Amino acid sequence: MRPVVVYLDSQDFSRFSPSHPDYEASLPIKQRLLALRDQGTARFVFSDVLFFEALPTEPRVIDKGLERIRTIAEMCGDNHLPSGSTIFEHEMTVLGGSSAVLDWTEWHPRFEMERPNIKAELDKWVIENSTNRKMRRALSKRISAKVEPAFYKTCVDELLQKYPLFRGGRAAIEMFIRDNSTWPQLRQAILEGMRDIVQLSTWLSDNWKYNHNFSDGLRAGNRSTQESLINLYEKMRSTFDQSTIPTVDAAKIVEKSYKFELRNAYQKIVDKSSTDNISITPDLPIEEFFRAKAPSIFCAYTFIGELLLASALPQRPRNPHKKAGSDFADAMHLLFVPYVDIIRVDSFAHSVLKRTDLGFPAQFAPSLADLPELIGSTHASRSARAGLTTR
């Protein structure tokens, strides 16, 4: 029987980390979850969004960030979901008519790795380390001469000292230095080294200037989303203060405008996916078209739309000034709804998702304390259904 696929919230991994104030109180739940995993009832999965959220944001909190990532690895092992950006890119191609299958190979976003040009790098090194033409000729002659085997070992040792996360690819690195036609093997070794999120996060923390390249996109999205929500909130407060329209009617107008704008956002994506050769004409209402063709985008956009609506309501609006600014990350987590059985969310997100009824089998778990029972009952129900179908 397939285990229940569970996607935990970033705060869960924080609470399950030994230095967190709630660790002792949360430990019994963590132990129950690990027991469910070990007996094959549950499988915990991580994503690039969880990894980016867990990365330390400044040097003084490195230890806590690395502790969170070790906890992710402890709970999930190497069980991961596709990257959020990979899912988004894939669904955009599906909207454009592609029948390609989603690539689950890596947890991190896909990126191009250019094949290193060793000759060009050596030539550059000669120029940088030569003080005159005579010295340049001597160095060029030296690097063109037959290289002793010990040289390759020295080069690999130096590289692995700088990039210890690629230690498992020693043979591929040495082979590439000897013959750079073996680039595919080296590329594969690099990708395999990046699969170890503990090693990767440790290296990023030791080489701080690279850390921001991984986490800044998510944090910039959080800042931008919160600024947009604040601007909308303040604009609508000003509008209602000056309006004579009854509150009930104003709420209906806002709701209608929200639905129109969400459909318009979907249409813009469709237009972007269309090409000169392919004109996309949805054969369903635009929301249902996205639910069927781009389910992850549908989930994330629905949630963001609900945030906008909640910030614009004339009565009891959601005040984004009082929020932590993680709405964008919360929306990104929802990209994974179509690929899991249970996903942990906070109470606000749960109320929003319950109201919208996304229409996917995944269950939303607002309570960490109730999660073990939910996993158990979900697995039992699945087992019962499987028993009925085999009779």
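In the stretch 7-29, which residues are closer than 22 Å to Phe52 by Cβ, hydroxyl-bearing (Ser, Thr, Tyr) and surrounded by 13 or more Cβ atoms within 10 Å (Cβ to Cβ)?
Tyr7, Ser10, Ser14, Ser17
Tell me the residue from Arg32, Arg43, Arg70 that is touching a strand residue (DSSP E or B) at 6+ places or on another chain (Cβ under 9 Å), over 18 Å from Leu335 (Cα atoms) and either open to solvent by 60 Å² or more (accessible area, probe 1.4 Å) or outside any loop (DSSP other than H, G, I, E, B) (or both), please. Show your work before the answer.
On the way: Arg32 fails: touching a strand residue (DSSP E or B) at 6+ places or on another chain (Cβ under 9 Å); Arg70 fails: touching a strand residue (DSSP E or B) at 6+ places or on another chain (Cβ under 9 Å).
Just a single option satisfies the conditions, and that option is Arg43.
Within the stretch 78-92, does at least one residue satisfy the condition of being in contact with a Pro (Cβ under 6 Å, 6 or more places away or on another chain), polar (S, T, N, Q), modelled with pLDDT of 85 or more and not in a loop (DSSP other than H, G, I, E, B)?
Checked against the condition, which is being in contact with a Pro (Cβ under 6 Å, 6 or more places away or on another chain), polar (S, T, N, Q), modelled with pLDDT of 85 or more and not in a loop (DSSP other than H, G, I, E, B), the stretch 78-92 yields at least one hit.
Right, Arg187: of a type in the set (Lys, Arg), closer than 26 Å to His80 by Cα and either open to solvent by less than 40 Å² (accessible area, probe 1.4 Å) or over 18 Å from the mean Cα position of the chain (by Cα) (or both) or not?
Criteria met by Arg187.
If a residue counts only when it is closer than 30 Å to Pro28 by Cα, which helices (runs of 4 or more DSSP H) contained entirely in the stretch 269-368 have at least 1 such residues? Let's see the steps before the verdict.
Working: elements: 286-293, 295-312, 327-333, 347-356.
Answer list for the stretch 269-368: 327-333, 347-356.
Looking at the stretch 346-356, is at least one residue among the hydrophobic types (A, V, I, L, M, F, W, C), touching a helix residue (DSSP H, G or I) at 6+ places or on another chain (Cβ under 8 Å) and open to solvent by 40 Å² or more (accessible area, probe 1.4 Å)?
Within the stretch 346-356, not a single residue is among the hydrophobic types (A, V, I, L, M, F, W, C), touching a helix residue (DSSP H, G or I) at 6+ places or on another chain (Cβ under 8 Å) and open to solvent by 40 Å² or more (accessible area, probe 1.4 Å).
Where the second residue is hydrophobic (A, V, I, L, M, F, W, C) and outside any loop (DSSP other than H, G, I, E, B) and the first is under 16 Å from Leu309 (Cα atoms) and open to solvent by 50 Å² or more (accessible area, probe 1.4 Å) and lies in the stretch 217-245, which pairs have Cβ atoms under 6 Å and are six or more apart or on separate chains?
none
When you scan the stretch 333-341, do you find a residue that is farther than 25 Å from His90 by Cβ and either open to solvent by less than 10 Å² (accessible area, probe 1.4 Å) or at pLDDT below 90 (or both), even just one?
no
Go through the stretch 153-172 and give me each residue that's open to solvent by less than 60 Å² (accessible area, probe 1.4 Å) and more than 22 Å from Asp206 (Cα to Cα).
Residue satisfying the conditions is Ala172 alone.
May I ask you to verify whether Arg316 is in contact (Cβ under 8 Å) with a residue 60 or more places away in the chain and not hydrophobic (A, V, I, L, M, F, W, C)? Can you show your working first?
Working: in contact (Cβ under 8 Å) with a residue 60 or more places away in the chain: no; not hydrophobic (A, V, I, L, M, F, W, C): yes.
No: the conditions fail for Arg316.
The values are calculated or read from the model by the stated rules, or taken from the named source; none is laboratory data. Bear in mind that the values here come from a model prediction, so they are computed numbers and not experimental data. Cβ atoms come from the backbone with ideal geometry, glycine included; neighbour counts cover every protein chain shown. Accessible surface is based on the protein model in full, side chains and every heavy atom, while ligands, DNA and RNA are left aside. Shrake-Rupley method; radii C 1.70, N 1.55, O 1.52, S 1.80 Å.
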